[in-house]
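Report on one structure; see the data block that follows.
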Amino acid sequence: MTDNAQYENCDVAIVGGGMVGASLAAALSGLALKVRVVEALPPSSADQPSFDARTTALSNGSRRILTGLGVWDEVSSAATAIARIHVSEQGRFGSAVIDAAEQGLPALGYVLENRSLGAALWRAVGAAGQTRILSPATVTAMRVEPDGVELTLDGAGPRQLRARLVVAADGAASLVRREAGVAAERWDYGQTAIITTLAPERFHAHVAYERFTASGPIAILPVAGGRVGVVWSLAPEAATRVLALEPAGFLGELQRAFGWRLGRLAGLGARHAYPLAFTRADSQSAPRIAIMGNAAQGLHPIAGQGFNLGLRDAATLAEVIAEGAGADPGGEAVLRRYVEWRRADRRALIAFTDGLVRLFGSPFAPLRAARGLGLVLFDLSPAAKTAMSRLSLGFASRMPRLARGLPLSAVPSAVPVRSR
Ligand SMILES: Cc1cc2nc3c(=O)[nH]c(=O)nc-3n(C[C@H](O)[C@H](O)[C@H](O)COP(=O)(O)OP(=O)(O)OC[C@H]3O[C@@H](n4cnc5c(N)ncnc54)[C@H](O)[C@@H]3O)c2cc1C
């Protein structure tokens, strides 16, 4: 959707229409706010991360948020429920299973192709009254003033966009975060994730596998049509080598690392490589700026939590703005509340994911032994499994209303909300 005016004012400008930015736009679309989403890549681009070939594991909390956004109904038929998670380590005795039924849950989560989810989110945003997507359009510069932020755009839409609140949803290398002067810690994991799909000999039976190997973790997720999605993390040189192999050679190497739980691995789909890095912004806000998703924290995909966390960022900011009942969405009170609310969940999930990478990435012998033992003990401990299944819900003491299956606002009459 384009707008040819050279200058435009809006309430909220979301920079980045990836899965997190689009989710926020969908969440805000019920409020009486003029929202603009600026996205550099058209949805048809193969490089657009929200429309790529990956599959995303969604937590139960994320399913509830997507239901609240009116998106879940559209994608639910393409989603595959995770009934069990099986965790093992190559060459070690011991494995652990977390079972949805044992935890009293209908599913531990759901797997969906990014392409389906991204397209459904964009349709939800495109259908909303005062919200427009400007794409392809790139934010090239930003100037923050006391009462608003001026963005310079290159591409579709106006040349200048002025907003009371700018949201950095522009990924790990965020320009908005940098221009706002918010520093970010960033390091390379020294791993590349190869993602692909397979049609294994045996049906996945709705089991998600997490297998730790000396060369890196492998996640195998159940997807529709009996296929599985694979995320295989390897040292960059090893990744380059296996990517260059013929399908049979690649499948043979993966089979050796993963084992035979799914029978013979076959039906290899297209392979894509993602270099893995950790990013953590020092803060989730700056004057008139909110930072979320990969722009706030980029995590290793080992626990499949990056988007789930970013979606809770989006649901929280939308709720805080709705609570403000027409107050300045970029005001200090809104931003302070957003940052405080996100702190515990964000901190715990980053520590959990990073801890997992370190624990299973270590060749230190006693740690290796403890891991095998840990998996056995974990398998015997209902309390540990319940704690783990909490990942499905997030770590904050209070989750945003959308993640609890409630509408965005508790008091609809106090908030200027449009009918959807
Ligand atoms: C291999 C792999 C597997 C994963 N699996 C899972 C999983 O199972 N579950 C899970 O929860 N998470 C998973 N994740 C993490 C998840 O993919 C990310 O957390 C999520 O995609 C982040 O979305 P985002 O919208 O914040 O950022 P991005 O997807 O990076 O989107 C940023 C957007 O901003 C746009 N942009 C950037 N700069 C500008 C600019 N200047 N102007 C305009 N637009 C701009 C970009 O074009 C892009 O569309 C995985 C990640 C990887 C690498």
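Throughout, read-outs are computed from the coordinates displayed, never taken from laboratory work. Just so we're clear, the structure is a prediction, and the values are computed from it rather than from any experiment. Backbone-built Cβ (ideal geometry, glycine too); neighbour counts: all protein chains shown.
Of all the Cα-Cα pairs you can form in the stretch 159-205, what percent are over 16 Å apart?
66
What full-extension length gain, to one decimal in nm, is calculated for A224 and Q6 as 0.36 nm per residue of separation minus the Cα-Cα distance?
Computed gain between A224 and Q6 is 74.0 nm.
For the stretch 69-172, what is the largest minus smallest coordinate of the Cα atoms on each principal axis, given in angstrom and ordered from greatest to least?
For the stretch 69-172, the Cα spread along each principal axis is 59, 33, 25 Å.
How big is the convex hull of the Cα atoms of the stretch 225-314, per residue, in Å³?
It is 139 Å³ per residue.
Ordered by packing density, taken as the mean number of other Cβ atoms within 10 Å over each peptide's residues, highest first, how do 244-253, 19-28 rank?
My ranking of the peptides, most packed first, is 19-28, 244-253.
Over all alpha-carbon pairs of the stretch 99-244, lay out the pair-distance distribution in 5 Å bins, whole %, shortest bin first.
2, 7, 11, 12, 12, 13, 13, 12, 10, 6, 2, 0, 0
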